[in-house]
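To start, the structure under review is shown below, and the notes come after it.
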Amino acid sequence: METYLDYAATTPVRPEVVELVTRVLRENWGNASSPHATGRRARATVELARGQVARLVGCDPETICFTSGGTEANNLAVLGVACAAGRGHVVCSAIEHHSVLDACRALERKGFAVSWVQPDPEGVVAPEAFAACLRSDTVLACLMLVNNEVGSLQPVAEVSQLCHERGVVVHVDAVAAAGRTEIAVDALGADLLSVSAHKIYGPPGAGALFVRSGMELAPLFHGGGQERRRRPGTEDVAGVAGFGLAADLARQELTGWIDHLETLQRACWVAVMDLGVGARAMGPTNPQQHVPGMLSFTFPDWDGDALRTALDLRGIRVGAGAACSSGSTEPSHVLMAMGCSPEEAQTVVRLSFGCATELADVRRLVDALNEAVSLQREAMGC
Ligand code: PMP
């Protein structure tokens, strides 16, 4: 039996989405740029999906640019704004996903200056700390809406207001936020905002960047005129259609998901703490600052690799920080920025729940954790 508790890494594709993607691949495979009827049918599908994704984040459809996922959307935002500006300074939180961090590091190598804003020990960036880094030549500020390792909700609206007072463009990575909290580009004050289909039960390989109208953005790729020249390349009509449907359903079902995820999160937190094995919950203690359904624990007294392997052998799938960094021997940059030692950061177990998770899954996890810890105790002879 498999207990999947790694929804922050990816989610299972919903059956309705699988059905739609398959149908589009079979029956609606035209090139959306072709002027004939086959092309126009594909175009209509892409535009329907554009409207659905736009509704998820509260923007006009024309401001949605489809990409191959969150990574590309983030790179397009960061490199696109900076390259259009030519030079200057960028402010970036130290807990961004690698697709933002490493794009900023690439800018540093090109001669841009970058300031890194550290979070507090609970993984939240203070607006004042962010504002203190702004300079007269700052061209871009990057702050994610929800951190994908510890579930901390960032004060994006406050930060964008401070940035806009200084004329600075704000990019928001909302990939981990979708399906866990409401996203509204105007309320957040986002000028650019990234989302990804595979975090909301859509197909992997589809994403989008909201680009506020009038923004100057240099493309990453050169070629055709698709996506207003911002993202040339023949559209993945089936992927985009699946993303659109997933986005539509995520928007309609959000309130129910939040209730469900909150129940699981509370039960899991209590049960893991009750184990009495020295688990430390990472991330905000204030539920207002913590999205539901994403919990990270460190187990400082135990061997993290052995713990995660023992869980996997018992059919419990958990994360070890960001999935994209798995396989890397580096401890999580997020936990380190929150003040964890590298040794403690290596013991992290990230639990992320989704709409199919049940309380019985949480009980299975806790039993398996208990067994895994007992095994380590025996092995250590204590
Ligand atoms: N940003 C965040 C916060 C993420 O969690 C992820 C996925 N782990 C990405 C960006 C990258 O998205 P994608 O997997 O669609 O490239």
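The values are calculated or read from the model by the stated rules, or taken from the named source; none is laboratory data. Please read all numbers here as calculations on a predicted model, not as lab measurements. All Cβ positions, even for glycine, are placed from backbone atoms using ideal geometry, and neighbour counts span all protein chains on display.
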Inset, instruction - Determine which member of the set R41, R105, R109 is surrounded by fewer than 19 Cβ atoms within 10 Å (Cβ to Cβ) and either within 23 Å of A176 (Cβ to Cβ) or within 16 Å of the ligand (Cβ to nearest atom) (or both). - result: R105
Inset, instruction - Kindly provide the set of residues from the range 194-226 that are farther than 21 Å from A9 by Cβ, in contact with a strand residue (DSSP E or B) (Cβ under 8 Å, 6 or more places away or on another chain) and within 16 Å of the ligand (Cβ to nearest atom), ordered by number. - result: L209, F210
Legend entry - Tally of residues being more than 13 Å from the ligand (Cβ to nearest atom), under 21 Å from A141 (Cβ atoms) and not hydroxyl-bearing (S, T, Y) across the range 52-87: 13
Inset, instruction - Could you look through the range 1-28, keep only residues that are of a type in the set (D, E) and outside any helix (DSSP H, G or I), and pick out the one that is nearest to the ligand (Cβ to nearest atom)? - result: D6
Inset, instruction - For the range 128-143, indicate whether the set of residues that are of a type outside the set (F, W, Y), within 16 Å of the ligand (Cβ to nearest atom) and within 24 Å of the chain's Cα centre (by Cα) is non-empty. - result: yes
Inset, instruction - Of the numbered conditions (1) under 26 Å from E344 (Cβ atoms); (2) surrounded by fewer than 20 Cβ atoms within 10 Å (Cβ to Cβ), L153 fails exactly one; give the number of that condition. - result: (2)
Inset, instruction - Can you give me the number of residues within the range 226-244 that are of a type in the set (S, T, N, Q) and either part of a loop (DSSP other than H, G, I, E, B) or not assigned by TED's automatic domain parsing to the domain that holds G58 (or both)? - result: 1
Inset, instruction - For S99, indicate whether it is out of contact with any Asp or Glu (no Cβ under 9 Å at 6 or more places or on another chain) and under 15 Å from L143 (Cβ atoms). - result: no
Legend entry - The lone exception for V272 - which of (1) modelled with pLDDT of 95 or more; (2) in a loop (DSSP other than H, G, I, E, B); (3) of a type in the set (V, I, T) it fails: (2)
